[in-house]
Each structure stands twice: as C-alpha cells, then as structure tokens.
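The block underneath contains the structure these notes are about, expressed in structure tokens.
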Amino acid sequence: MAFHITQGNPIPQVLQPGANASFAIEVYVDGNPVGPGEIIQVKLPDGLVFPPTGEIRYMNLDSGINRPLPIESRDPDGRLVRFKAEAIGNKPEGFYSVNVQALPNAAPGDRTVTDGLTIGATAAKLSFRVGAAQPVEQRVYGIVGADGAVVVGSGFTVKLTPNSTSTSIFTITFAKPFTTAPVVVATATQASPSVSVTIGGVTPNTVTICTASPVGTWKPLPFHFIAMGPAQP
C-alpha cells in the first residue's frame, strides 16, 4: 500500500505579505481503500503560518460536501499542523482546503518545503511564492493657514516661502511619500471668484501650492487641499 499526496493548483500558491489564502491537498492510495483516520501533516515554509483561527475543510463538490475538520495539533509558531484524513480511495475523491497566511514581514520570493505534505511514509513538496507588497491608496488632506501653519490635518508639514517677486509658495512635504506623484486638489478658504490657488508642482514627496489675492496679486492665503495616490502599505 502506497499513499499519494499532492498540492493542488496553483503551484506555487502566491500570497502578498499579510494576506490569507487557502491551498488544496489531494490524496489517494494504491491497493485497497483506507478508512478515515490517517494523519496528514502540513509543514509550511518560513514566513507562512496556519492562522490560529484557520480552518481545514474536506470538500467534494460533486457530492455537495464542504465540512470543517478538527485540528489534531498545531505547533506554537503555526508552521506545522496535523489533521485526520477522510476515507482514502484509489483516486482523488474531493480535496482538503487548508488556510495559510503570509506574515506581514515576509520577504518576497519562492519558498518550497520538500516534505511539506506527509501521510504515512509518503512525503511531497509544498510550494509558495510571496509577492511584493502591493501599494495601497493614501490620502493626505488638511487646511493650511495664510502663515503656513497646519490648521487641520496630519501626515504633512508646510513651509511658506515668498520669493523676490512676492509670489507666495507653500511647500507641503508628505510624512510618508507616495510611490508616484499623487493627484492634488486645492481650494482657497475665501469666498471670492477671483482668488487664485495654483498647483505649482507635484512629486511623490512634496507639492507646491501658490495663492493670489482677489485683486490678482500673489499673496499668502489660507486653503484646503487633498492629495491622493498609491503608497507602500
């Protein structure tokens, strides 16, 4: 009697740092079918764990079966977990779905454990890939006073720099840079159709904003702004 155990597609299973997913395990046996109770051991590579609240489920979609299975044991670090198999036939009948989580600080790269899956004397490899962390949307917004003070908001600093032609330039520096230049919108707090607020330039780290008075002269004025774009999580 020889067991066969394999990881289901996709191989490798791809996760982002901090993400949760499930991977499939298929099992069958040569010779006579085996009743339920054989122990399946899952050994995860460094940087991945079976979550404390994770589930292992037996699923046979053709038969409408989708049920959780008891966890026989889980090592404290979450990398080793064991459970009892259902009855095992001469071909894969259904599959096991096992939760897995990539740690938030898991470095990108491929990870393979040669004996990641074990049943009886049979072992098989288990393969994962941790992808680079995907950017998330960042929003930085606030109200800036005519003197360059931050009236409302956080995550940025402001420097007011009048130049030789009396053009008032507010330079806003983001505490956490964007990955690319964000979209920036700014409006003056004064209710006048002739007040001017101009976006002078935008980088992932800073934005410059210039203001002008209702009579058309450059003058420091209070304004609202919001910057939106991708940033590292």
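Since every read-out is calculated from the coordinates, none of them should be taken as a lab result. Quick caveat, the model's predicted, so the values are computed rather than measured. Note: ideal-geometry Cβ built from the backbone for every residue, glycine included; neighbour counts use all protein chains shown.
Centroid-to-centroid, using Cα positions, the stretch 124-142 and the stretch 170-231 are 30 Å apart.
For K159, the aspartates and glutamates whose Cα comes closer than 19 Å to its Cα, not counting residues fewer than 8 places off in the same chain, are D147. The stretch between T189 and D115, if pulled fully straight at 0.36 nm per residue, gains 20.1 nm over its current Cα-Cα span. Residues whose amide H falls under 5 Å from that of A106, counting only those 5 or more places apart or on a different chain, are G18, with hydrogens built in the peptide plane. Is the shape of the chain rounded, prolate or oblate, going by the alpha carbon gyration tensor and its root eigenvalues a ≥ b ≥ c, with a/c under 1.5 for rounded and a/b larger than b/c for prolate? Prolate.
Quick check: net charge around L126, other residues with Cβ under 10 Å of its Cβ, Lys/Arg +1 and Asp/Glu -1? Could the numbers behind the result be given before it?
Values: positive: K43, R111, K125; negative: D115.
Computed value for this residue: +2.
Label the stretch 2-130 by shape, choosing from rounded, prolate and oblate, from the square roots a ≥ b ≥ c of the eigenvalues of the Cα gyration tensor; if a/c is under 1.5 it is rounded, and otherwise prolate applies when a/b is larger than b/c, oblate when it is not. It comes out prolate by the Cα gyration axes.
Can I get the semi-axes of the stretch 21-92's equivalent ellipsoid? Compute them from the C-alpha gyration tensor as square roots of 5 times the eigenvalues, in angstrom, largest first. Could the numbers behind the result be given before it?
Details: eigenvalues 110, 40, 24 Å².
Working through the eigenvalues yields semi-axes of 23, 14, 11 Å.
I'd like to know how the stretch 1-62 sits against the 2.2 N^0.38 Å rule of thumb: what's its Cα Rg over that expected value?
Working: Rg = 14.0 Å, N = 62, 2.2 N^0.38 = 10.6 Å.
Against the compact-globule rule of thumb, the ratio is 1.33.
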